[in-house]
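Below is one structure; the comments refer to it alone.
Here, each number is a calculation from the coordinates, and none is a lab measurement. Predicted model, so just to flag it, every value in this text is computed and none were measured. Backbone-built Cβ (ideal geometry, glycine too); neighbour counts: all protein chains shown.
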Amino acid sequence: MARKIIWTLEAADDLESIATYISRDSHFYSKSFVREIINASLSLKEFPERGRIVPEFSNSAVHELFIKEYRLIYKIEESRIVILGIIHGKRNLRLYPKKTDKKKRRRYF
C-alpha cells in the first residue's frame, strides 16, 4: 500500500536552507540536489523500510536515508511517511531541534 508523504515545517525549512547554502556556489547543483532529495522522499511511498533505523533513537519507526552527505530523517506511520528533517551527516542528531508538533505538519506531495 502506498503511503502519503508528509513534510514537517522543520523538514521543509531544512530543505530550503540546504538549497540556499548550495546555491551560493551553484544554482544548477542546488536545484539538482533538491530534486534528488524530493525523489528519495517520494520513493518511500512504496518502500518505506529501505532506510535504516536511526541509531540515536530507540524508536524503531524512525528511519533515515543517506543522500550524499545528508540524512533524510523520517517516521513510518500506518498510512503515511512523515519527513522529520534533513541534517548534515556530521551534525549531532541529538542536538537537532525536536519540533514535530502534529499541528505544524503540512502536506508537500
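Determine the sum of side-chain charges near SER32: Lys and Arg each +1, Asp and Glu each -1, restricted to other residues whose C-beta is under 14 angstrom from that of SER32.
Once all neighbours under 14 Å are counted, the net charge is +1.
Tabulate in residue order the Karplus-calculated ³J(HN,Hα) for region 2-11, using 6.51 cos²θ - 1.76 cosθ + 1.60 with θ = phi - 60°, rounded to whole Hz; enter x for Gly and Pro.
6, 9, 6, 9, 10, 9, 6, 4, 4, 5
Got a sec to turn the phi values of region 34-51 into Karplus ³J(HN,Hα) couplings, 6.51 cos²θ - 1.76 cosθ + 1.60 with θ = phi - 60°, whole Hz, x for Gly and Pro?
Per-residue couplings from phi come out as 4, 4, 4, 5, 4, 4, 5, 5, 5, 5, 6, 4, 9, 10, x, 7, 5, x Hz.
How do PHE57, PHE47, PHE66 line up, fewest other C-beta atoms within 10 Å first?
PHE47, PHE66, PHE57
Considering amide H positions built from the backbone, and no H for Pro or chain starts, which residues 5 or more places from ILE81, or on another chain, come under 5 Å of its amide H?
LYS4, ILE5, ILE6
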